[in-house]
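> Questions regarding the structure given below will be posed in turn.
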Amino acid sequence: MTFSETWAPFLDKPIFAFTADQDWAPEWAAEIFLQELRDFGIPLHLFRTNPSPAFDHAVRSGEIDQGWHPNFLPGSSHGASISEVINYCERNFPGASTVRSHCFAEDTFSWRALRSAGIVADSQLGTLFQGYLLPVVHWTRIIRLPVYFEDDTFFDIEEAGLNLDTIMPTLFTPGLKILNFHPTFVGCNTPSRAYHERMKARIFAPNSTSAGLRWGGRGTLVVFRELIERILSRGHRFHRFQSVVELAEATLQASDAVISPAMKSFVPPK
């Protein structure tokens, strides 16, 4: 099979999928975020950090899918070791098969352990809004689906105006178009990392509310709505992240020129 034949499902058009990193979002932000997605009719794949009444109910009802968002960084509330962190995720979010680690932190040992825990796919690599993205297979056999759009990366790079025109040359190119937003940033309409750092103590205070925390100008919520409207207005739709994982699995399995047969049966050490 040629390159074009092998990757045909990913080269025909952009494949949009919507994900989010929970990142301990307060309940009021979680509820705002879920309602925004309901209004657009977009399926969400949420990478989980902690129990939440709003998100737990959405998972139980089948409204959203979930994966793990383990925090492997020093001082993590998930645990002091890789095994403790994974045990935390297994207890709180059983049955998940996907992962994106907090701050994209990773190493050989954590990815070995995640594979042993049943993880089959990650969305771990943040890109510079790159077009023509394709799945990659990590050596642990975890399928890696790179991120096209990350909200905090965007407001780091485009802080002056949060101008989406800067990514338009690549937005509709073929390939993976995984978008990633944070419920807290959407709920607060966060305009910059500096704003978030300034408001962080109030946002994550016990019993916090949205009062006085929602930026009134152009921020993450405005960008979120505008980006989705641009995509939908072109006639594109959002796929469930899990269906993109399954498409990648089928595509990789169908060709021996991408991953050799011997490697497909390789079982990484625990």
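The values are calculated or read from the model by the stated rules, or taken from the named source; none is laboratory data. Being a predicted model, the structure only gives us computed values, none of them experimental. Backbone-built Cβ (ideal geometry, glycine too); neighbour counts: all protein chains shown. For the accessible areas, the whole protein counts, side chains as well, though only heavy atoms, and no ligand, DNA or RNA atoms are used. Shrake-Rupley method; radii C 1.70, N 1.55, O 1.52, S 1.80 Å.
> Would you be able to say whether some residue in the range 26-40 is farther than 19 Å from ARG225 by Cα, open to solvent by less than 40 Å² (accessible area, probe 1.4 Å) and not in a helix (DSSP H, G or I)?
yes
> Then there is this: Can you list residue pairs whose Cβ atoms sit under 8 Å apart, with the first residue in the range 36-54 being at pLDDT 95 or above and the second being among the hydroxyl-bearing types (Ser, Thr, Tyr) and buried (at least 17 other Cβ atoms within 10 Å of the Cβ)? Count only pairs 6 or more apart in sequence or on different chains.
These pairs meet every condition: LEU44/THR19; HIS45/THR19; HIS45/THR98; LEU46/THR19; PHE47/THR19; PHE47/THR98; PHE47/SER123.
> Name the one entry in GLY126, GLY118 that is in contact with a Pro (Cβ under 8 Å, 6 or more places away or on another chain) and open to solvent by 10 Å² or more (accessible area, probe 1.4 Å).
Values: GLY118 fails: in contact with a Pro (Cβ under 8 Å, 6 or more places away or on another chain).
Within the list GLY126, GLY118, the selection yields GLY126.
> Report the residue count in the range 154-187 for those that are more than 22 Å from ARG214 (Cβ to Cβ) and touching a strand residue (DSSP E or B) at 6+ places or on another chain (Cβ under 8 Å). Talk me through it step by step, then tell me what you get.
From the range 154-187, those more than 22 Å from ARG214 (Cβ to Cβ) are 157, 165-178; that's our starting set.
Narrowing further to those that are touching a strand residue (DSSP E or B) at 6+ places or on another chain (Cβ under 8 Å): 167, 171-178.
The total comes to 9.
> Also: Only one of (1) under 29 Å from ARG112 (Cβ atoms); (2) surrounded by fewer than 20 Cβ atoms within 10 Å (Cβ to Cβ); (3) not aromatic (Phe, Trp, Tyr) fails for LEU145. Which number is that?
Exception for LEU145: condition (2).
> What are the pairs, 6+ residues apart or on separate chains, where a residue within the range 192-218 that is free of Cβ contacts under 8 Å to residues at least 40 places away in the same chain has its Cβ under 7 Å from a residue that is aromatic (Phe, Trp, Tyr) and open to solvent by 80 Å² or more (accessible area, probe 1.4 Å)?
Every condition considered, the pairs that remain are TYR195/TRP215.
Residue by residue, here is whether (1) open to solvent by less than 40 Å² (accessible area, probe 1.4 Å); (2) more than 17 Å from the chain's Cα centre (by Cα); (3) among the charged types (D, E, K, R); (4) within 21 Å of SER123 (Cα to Cα) holds:
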{"residue": "ASN163", "(1), (2), (3), (4)": "no, yes, no, no"}
{"residue": "ILE167", "(1), (2), (3), (4)": "yes, yes, no, yes"}
{"residue": "PRO174", "(1), (2), (3), (4)": "yes, yes, no, yes"}
{"residue": "PHE181", "(1), (2), (3), (4)": "yes, no, no, yes"}
{"residue": "CYS188", "(1), (2), (3), (4)": "yes, yes, no, no"}
{"residue": "ALA194", "(1), (2), (3), (4)": "no, yes, no, no"}
{"residue": "PRO206", "(1), (2), (3), (4)": "no, yes, no, no"}
{"residue": "GLY212", "(1), (2), (3), (4)": "no, yes, no, no"}
{"residue": "PHE224", "(1), (2), (3), (4)": "yes, no, no, yes"}
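> Where in the range 138-219 are there helices (runs of 4 or more DSSP H), lying wholly inside it, with at least 2 residues that are closer than 27 Å to ARG234 by Cβ and of a type in the set (D, E, K, R)?
On the way: elements: 151-157, 168-171, 183-188, 193-203.
It comes to 151-157.
> Among the residues of the range 127-137, how many are under 19 Å from LEU247 (Cα atoms), of a type outside the set (Ser, Thr, Tyr) and in a loop (DSSP other than H, G, I, E, B)? Break it down stepwise before answering.
To start, the set of residues in the range 127-137 that are under 19 Å from LEU247 (Cα atoms) comprises 131-137.
Within this subset, residues satisfying the condition of being of a type outside the set (Ser, Thr, Tyr) are 131, 133-137.
Add one more test, that the residue is in a loop (DSSP other than H, G, I, E, B), and what stays is 131, 133-135.
Residues flagged as under 19 Å from LEU247 (Cα atoms), of a type outside the set (Ser, Thr, Tyr) and in a loop (DSSP other than H, G, I, E, B) within the range 127-137 amount to 4.
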